[in-house]
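Before any comments, here is the structure.
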Amino acid sequence: MSSEKEKAEGFVRHLLENPALRNQTPLQKEEQLLAFLELNARALYPTLSSSRFFPGKSWAHIRSMLISELFKITDFTLKGYMNRFIVEQLDMSFTAFLGLPRVSQEEMKTELLKLTVQVAHTGEGRRALTGSFNALSYRLSEKYIEQIYQTRNYIRFELEKVQRLRMSKEELKHMLKVSLLLRPAVYLVSGDGRETSSSVRRQRGSFQPSVADKVTQGLAERLPHFPEAAIRSGVESNISFLDNSRVSATGRLTLLLSSLANEYKPNMQIDRGAVSPEKSWFSVARKNYRYFGYDIKMIDELFKIAAEQGW
Amino acid sequence: MVTVEQGKMRSFFEGLVVLAIFLVLIQTFLEDAALIGGWSWDVRKVLLISGFGFDLFFTFEFLIRFFSAALRREAGEYLLHRKGWIDLFASVPLLLFHSGPLMAVVFLGGGTFSGLGGVFNVLKVAKAIRVARILRLLRVLKVFKKLKYTGSVMAQRHVALITSLVVMVTVAALFLVSLIQPTLPAAPGRAEVLETTETRVLQRFQGTGSRQLAEALPTLLIIKEGQETLYSRYENSYYRSMFGPFDYQYRHIGTYDFFLSLKPTLVDRAEQSLAFFVLIVLLVLVLLLYYSPHFALTISDPVHIMRRGFAENGYKLEVEIPSRYRDDEVYCLAALYNREYLPLKERMKHQEDRLHSDLSLDTIGDILNDEE
């Protein structure tokens, strides 16, 4: 049995080391491998059921073993990254600006880490975590907030004047990171505040504003030391701006950065004559803003930033 | 099936041909430069012999390729579609009408003096054929694949076609002009005027005043009467080192033998030939280095990006549309691709939740094909 696990782990590790997946985050690699196994089941089965691997086993058995090993490997990396990121890099001092009495950062970080681990163990949550995880890994909030603060346009106005986040640029970056981490947490809580395993993901874009309050409450129970505004920002990032024009600026920005990062490929080879990846993404998002519920003005500004910076 | 050994042999042969093509172009240039620069006959002879060697090599190459294609019943395909016509025009006629006769004269030497006039006329026509060597540049177009901007098969084909046409038309025009020029009732050219003047002056010679005659006639080299040399412009060693069998002509007028230098006429022709050579090389370079990138940037690159966008699920880059080309059909299509297709693709992907993986079975062939 252990030999089978070793073979499965060896096979999965071999696939993960494939150059085609170089530069991708663990969750991206996991999605790629899951898709690869699904798409190539017929071609893989003769080899994987041979005496070299798992003789006499059904595809369902082999697949389940491979996926189990894949999850273990991803979990290990993910846990390590999240632990390092939340405990060592995340600065929760921004919460002071959200009217929350002084609470130990450690307590908040422990709650957040626990919640993130739970999210990673729900099927849909894990998938939804990809965009947030990538956005954090590739430091998208840092690079865009830097530019947003320099250009002093619509987004900065929305953040400072409308949402009244009169915090420093650095603190805002950390608030966005927390918002990104909380975005997939909606899959843990159903509309009535109870735990859910239903596919909220398929309802993206039609996540009703009325449900948001209940989900925010449900999450607040899990994150008792967290300011509601931070939780709400993450939850609202799942709501279409067209359905609710009161979605917070951080919520709208979270949605855009997470969606951008979802299939983000850093250092990708750009064909001659092609528009740069992020500029392309914002350009397409601009045309699809109604469908995905994006804030068109925010897209316009981010598009300009990406164009000017050659991103 | 081509074995590894055959493959290596073929690639060695192709490499050799490409090297020979570059060398023959240099040789063609040097042959004219040597005349203009007044290089010694020994050097020019080496260049002529090497030219003959190249023509022989390319004739064999053409025959091997042609018969090899014929054995596979692909002779027509080879001649028409695989640049076989270039191989033909730049090998057999050159060997038969240019370097072949030249070699005959070089090795038969002084014994052919009397026949030189006829040979010279053949060589005049052959000079035009010699330009066909430049056609070989087209054969090395594939070398330019490695240059920036010419990665696209379509770009390569179009650039190769237009380059072939330009070179072919120029060469054909030069060839035709040199063929029909002698038949045209035109005013006499510089060479003809010189020849007539020479004849008139030489006819007046009565045995005295040879030095004055030589001063009046710069092309006059030697005057002989029977075995006696009445006048010689240079020492014999100079003639041996600087004059080849094509460089002078012999005329017998009255009792006198006159040897006249043909070098001024030959230098004129070499300058003309070099000018055509440089013109064609520049045309080819402009087409390869300017037109080719232009074609790639404005046609094949946008098409390549759109093709990837249609074929690859995860490819979502837009086509950059330069404002000055936005009315081009390709960019109109690209605008539609950017505006309609990519957003639709994104929405469809979201709706269908279609599976996509950057991994392919080909990339893990090592583990799939491992034998126990």
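Read-outs: derived from the displayed coordinates by stated rules, not from any lab. All values derive from a computational prediction rather than experimental measurement. Here the Cβ positions follow ideal geometry from the backbone for every residue, glycine too, while neighbour counts run over all protein chains shown.
Of interest is the spacing of the C-alpha centroids, which for segment A:37-79 and segment A:225-244 amounts to 38 Å. The calculated FRET efficiency for residue B:229 paired with residue B:201, based on their beta-carbon distance and R0 = 22 Å, is about 0.70. The mean number of Cβ atoms from other chains found within 10 Å of a Cβ in peptide A:265-277 is 6, as a whole number.
Dipole magnitude for chain B: computed about the Cα centre from +1 point charges on Lys and Arg Cβ and -1 point charges on Asp and Glu Cβ, it is near 860 debye. Remark: relative contact order (chain B) = 17 percent; criterion is Cα-Cα distance under 8 angstrom and separation of 6 or more residues.
Looking at segment B:186-275, the pairs of alpha carbons with a distance over 17 Å make up 51% of the total.
Based on DSSP H assignment, which helices of chain B show an axial Cα extent of at least 18 Å together with a mean Kyte-Doolittle hydropathy greater than or equal to -0.5? If you can, show how the numbers build up before the last one.
Values: long enough: B:4-37 (48 Å, 1.16); B:41-71 (44 Å, 1.13); B:116-130 (19 Å, 0.97); B:153-180 (39 Å, 2.04); B:190-203 (20 Å, -0.52); B:263-286 (33 Å, 1.48).
Once both thresholds are applied, what remains is B:4-37, B:41-71, B:116-130, B:153-180, B:263-286.
Each helix, a run of at least 4 DSSP H residues, gives -39500 (n - 2.57); summed and divided by the residues of chain B, these come to -19500 deg cm²/dmol at 222 nm.
Pull out the extension gain between residue B:36 and residue B:347, defined as 0.36 nm times the separation in residues minus the alpha carbon to alpha carbon distance; nm, one decimal. That pair, residue B:36 and residue B:347, stretches by 104.9 nm at full extension.
Taking A:134, A:267, A:244 as the candidate residues, the one with maximal mean-square fluctuation in a Gaussian network model of chain A, Cα springs under 10 Å, is A:267. Placing R0 at 51 angstrom, the Cβ-Cβ distance between residue B:29 and residue B:310 gives a FRET efficiency of 0.60 after rounding to 0.05. Modelled this way, with points 7 Å down the Cα-to-C-beta line, the labels at residue A:14 and residue A:42 are 2.3 nm from one another.
The residue A:221 and residue A:91 beta-carbon pair, evaluated with R₀ = 35 Å, returns a calculated FRET efficiency of approximately 0.90. Here, segment B:1-105 is characterised by an Rg to Rh ratio of 1.06, where Rg is the alpha-carbon radius of gyration and Rh the Kirkwood radius.
Pairs of Cα atoms in chain B fall into 10 Å distance bins, from 0 up to the last occupied one, in shares of 4, 17, 21, 18, 15, 10, 7, 4, 3, 1, 0 percent. Peptide packing for B:74-85, A:224-235, A:175-186, B:266-277 was compared via the average number of neighbouring C-beta atoms within 10 Å per residue; ordered from the highest value, the list is A:175-186, A:224-235, B:266-277, B:74-85. Note that segment A:196-311 carries a Kirkwood radius of 15.4 Å, evaluated over its alpha carbons pair by pair. For segment B:197-275, the Cβ-based charge dipole about the Cα centre amounts to some 80 debye (Lys, Arg positive; Asp, Glu negative; other atoms uncharged). Expressed in units of 2.2 N^0.38 Å, where N is the residue count, the Cα radius of gyration of chain A is 1.06. One quarter of the surface of the convex hull around the alpha-carbon atoms of segment A:73-185 equals 7.3 nm², the direction-averaged projected area. Only lysines eight or more places from residue B:349 in sequence, or on another chain, were considered; those with a Cα closer than 29 Å are A:29, A:72, A:143, A:177, A:265, A:279, A:287, A:297, A:304, B:316.
Length gained on full extension, residue B:271 to residue B:360, computed as 0.36 nm times the residue gap minus the Cα-Cα distance: 26.0 nm. Using only the C-alpha atoms, the convex hull of segment A:1-152 corresponds to 147 Å³ per residue.
Convex hull volume per residue, computed on the Cα atoms of segment B:251-340, equals 150 Å³. Evaluated on the protein assembly as shown, the Kirkwood hydrodynamic radius is 32.5 Å, with distances taken between all distinct Cα atoms. Straight Cα distances below 15 angstrom link residue A:57 to the aspartates and glutamates A:4, with same-chain residues fewer than 8 positions distant left out. I'd like the distance between the alpha-carbon centres of segment A:102-163 and segment B:247-315, rounded to an integer number of Å. Measuring centre to centre over Cα atoms gives 63 Å. Projected label points at residue B:45 and residue B:294, each 7 Å from Cα along the beta carbon direction, are separated by 4.9 nanometres. Placing pseudo-labels 7 Å out from each Cα toward the beta carbon at residue A:114 and residue A:79 gives an inter-label distance of 1.6 nm. The angle separating the long axis of helix A:59-83 from the principal Cα axis of greatest extent in chain A is about 40 degrees. Label point of residue B:193 set 7 angstrom out along Cα-Cβ; within segment B:219-252, amide nitrogens under 20 Å from it belong to B:219-220.
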